[in-house]
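K.L.:
What follows is a structure written as structure tokens; I'll ask about it next.
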Amino acid sequence: MIKAVISGTGLYTPPATIDNEELVEAFNQFVEMYNSEHADAIERGEMEALLPSSSAFIEKASGIKRRHVIDKSGIVDPERMAPYIPERSNDEPSVQCDMAVTACKEALEQAGKTASDVDAVIVACSNMQRPYPAISIEVQTALGIEGFAYDMNVACSSATFGLQAAVNSVENGAARAVLVVSPEICSGHLNFRDRDSHFIFGDACTAILVEREEDTKPGQGFEILGTRLKTTFSNNIRNNFGFLNRADESGIGKPDKLFIQQGRKVFKEVSPMVAETILGHLQSLSLAPEDLRRMWLHQANLNMNQLIARRVLGRDANEDEAPVILDEYANTSSAGSIIAFHKHKDDLESGDMGVICSFGAGYSIGSVVVRRR
Ligand code: COA
């Protein structure tokens, strides 16, 4: 039987950063402008005044300190509060393709492989900048890979669902190696004028190479012991953007065509589901929580991750057991758990086990249990 392993990972981090203070300063200027523009209506009780944001709240409620973004200037401009991501001509590579190629090259280099060793590319992320031709086929061509490629979207769980698809393709012989790449431009669908969520997301792109064990060096990478996926419908995290809903003329986007969530409900409903999924998955592999050396969790909220880790382990996890990248990157949707894995995997010793777990809109949860070879 063919066995699949993760032999390399890569990460593209956009150079521009916005810290909480800068983000809040722009937001609060926007609030002042809005409130003074509508002062009379607010006074008459016809409109509600907007409330200011606070960086202390953001760090305490989420653990986020800053985020990397594709474009900073448009986001911190209180007159605009949306990134400038100019449309490119049909002859140029897409923004997501550029991010993906950088991350994929690192994953290939880490694995000691080239494009000729790969048979498939899966672009798995929350938002594609266009429906077709698939971004993944563009990436495939940019890298010079033969074979096939497709895009898939399971919101924040896209990378782990993509990993399962890659494992299936490798283990059933459809591909020798598959790149799973998650170019997340979350700033493109975040409403930077919404106090409840303006601080949540950042941009980044991850890549993972899944290969046949026989094509790797002994001791290289991580064997994949199993994957488990779970979905259950919820409207509590939603993005209505689609071909039926065009952005307004400004290009900034109608508020209800951007990301919205009921954060409290998400926190309460998803945390126990995630812990249950991980525990059930471990049990099905005859493993116990104590067998886990590390948990690379989706990075949406620090308190949520601490709660999930506590429910799985029966005690608090330290940062070595459940590393955090949220402070630096914010929520990068499907890329989050893979960034944690990419940055915090090299110190594991042969035989050490861990779980990569993502969760988010849908609701969707993906759990991938791995063992260092
Ligand atoms: N600045 C200052 N205060 C703010 C604020 C801001 N930017 N946003 C909200 N507040 C206030 C609220 O008005 C509320 O005030 P009140 O108690 O006087 O009504 C208070 O802070 C608490 O707000 P709440 O929304 O309940 O905060 P929270 O502790 O639930 O944290 C989230 C908010 C979004 C960080 C948190 O719920 C979360 O991360 N949930 C999970 C989300 C998730 O994982 N989503 C997945 C996306 S893929």
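The values are calculated or read from the model by the stated rules, or taken from the named source; none is laboratory data. Quick caveat, the model's predicted, so the values are computed rather than measured. So basically every Cβ, Gly included, is an ideal-geometry build from the backbone, and we count neighbours across all protein chains shown. Heads up: the accessible areas ignore ligands, DNA and RNA and are worked out on the full protein's heavy atoms, side chains in. Shrake-Rupley method; radii C 1.70, N 1.55, O 1.52, S 1.80 Å.
K.L.:
How many percent of Cα pairs in the chain exceed 39 Å?
P.N.:
Numbers: 10577 of 69378 pairs.
Pairs farther apart than 39 Å: 15 percent.
K.L.:
Explain nothing, just the number: dipole magnitude of segment 161-234 about its Cα centre with +1 on each Lys and Arg Cβ and -1 on each Asp and Glu Cβ, in debye rounded to the nearest 20.
P.N.:
Numbers: 7 positive and 10 negative charges, 40 e Å.
Roughly 200 debye for segment 161-234.
K.L.:
Ok, one more. Treating only the Cβ atoms of Lys and Arg (+1) and Asp and Glu (-1) as charged, compute the dipole magnitude of the chain about its Cα centre; round to the nearest 20 debye.
P.N.:
So the magnitude is around 1140 debye.
K.L.:
How many angstrom separate the Cα center of segment 150-186 from the Cα center of segment 307-373?
P.N.:
If you average the Cα positions of each part, the centres end up 17 Å apart.
K.L.:
Hey, which aspartates and glutamates would be in cross-link range of residue 3, C-alpha to C-alpha under 17 Å, not counting anything within fewer than 8 residues on its own chain?
P.N.:
The reachable aspartates and glutamates, counting only those whose Cα sits under 17 Å from residue 3, are 117, 119, 171, 211, 213, 214, 215, 223.
K.L.:
Solvent-accessible area per residue for segment 1-83 at a 1.4 Å probe radius, Å²? The partial results should precede the final answer.
P.N.:
Working: 4240 Å² over 83 residues.
So segment 1-83 comes to 51 Å² accessible per residue, rounded to a whole number.
K.L.:
Let me ask you something else. Per the 1.4 Å probe, what fraction of the accessible area of the chain, in percent, lies on carbon and sulfur atoms?
P.N.:
Accessible surface attributable to carbon and sulfur in the chain totals 48 percent.
K.L.:
To test your reading of the geometry: what angle, between 0 and 90 degrees and rounded to tens, separates the Cα axis of helix 95-111 from the longest principal axis of the chain?
P.N.:
Helix 95-111 sits roughly 30 degrees off the main axis of the chain.
K.L.:
Okay, moving on. Where only protein heavy atoms count, and the probe is 1.4 Å, what is the accessible area per residue for segment 137-193 in Å²?
P.N.:
31
K.L.:
Please compare each pair in 113/343; 72/113; 105/345; 105/217; 60/268; 230/268 to a cut-off of 23 Å on the Cα-Cα distance and tell me which ones are over it.
P.N.:
Check vs 23 Å cut-off fails for 72/113.
K.L.:
Can you tell me, using C-alpha contacts under 8 Å and at least 6 residues apart, the relative contact order of the chain as a whole percent?
P.N.:
Reported as a whole number, the value is 23 percent.
K.L.:
Would you work out the relative contact order for segment 1-135, in percent, from Cα pairs under 8 angstrom that are 6 or more residues apart?
P.N.:
Reported relative contact order: 36 percent.
K.L.:
Still on this structure, please answer the following. Just going by the charge dipole of the chain, with Lys and Arg at +1 and Asp and Glu at -1 on Cβ, which of 163, 199, 41 is farthest out on the positive end?
P.N.:
Value computed over the given set: 163.
K.L.:
Could I ask something else about it? Segment 211-345: D in µm²/s via Stokes-Einstein (Kirkwood Rh, Cα pairs, 37 °C, 0.692 mPa s)? Don't skip to the answer; put the middle values down first.
P.N.:
Values: Rh = 17.4 Å.
It comes out at roughly 189 µm²/s.
K.L.:
Give the accessible surface of segment 255-373 per residue, rounded to a whole number of Å², with probe radius 1.4 Å and ligands, DNA and RNA excluded.
P.N.:
I get 39 Å² per residue for this part.
K.L.:
Next up: Dividing the convex hull volume of the alpha carbon atoms of segment 278-373 by its residue count, what do you get in Å³ per residue?
P.N.:
Normalising the Cα hull of segment 278-373 by residue number yields 93 Å³.
K.L.:
Once the piece of chain linking residue 276 and residue 132 is laid out straight, how much longer is it, given 0.36 nm per residue of separation minus the C-alpha distance between them? Don't skip to the answer; put the middle values down first.
P.N.:
On the way: separation 144, 0.36 × 144 = 51.84 nm, distance 3.66 nm.
Length gained, residue 276 through residue 132: 48.2 nm.
K.L.:
A further question on this structure: Expressed as an acute angle from 0 to 90° and rounded to the nearest 10, what is the orientation of the C-alpha long axis of helix 302-313 relative to the principal long axis of the chain?
P.N.:
Relative to the chain, helix 302-313 is tipped by roughly 30 degrees.
K.L.:
Working from Cα positions, state the angle (0 to 90°, nearest 10) between the long axis of helix 263-284 and the longest principal axis of the chain.
P.N.:
Around 10 degrees separate the two axes.
K.L.:
Under a plain spin-label model, where a point goes 7 Å from the Cα along Cα-to-Cβ, how far apart in nm are residue 109 and residue 264?
P.N.:
4.7
K.L.:
If you don't mind, there's one more thing I want to ask. Give the relative contact order (percent, whole number) for segment 228-373; include only Cα pairs under 8 Å separated by 6+ residues.
P.N.:
Numbers: 226 pairs, mean separation 44.6, N = 146.
Value for segment 228-373: 31 percent.
K.L.:
If packing is taken as the mean number of other Cβ atoms within 10 Å per residue, what is the order of 79-92, 297-310, highest first?
P.N.:
297-310, 79-92
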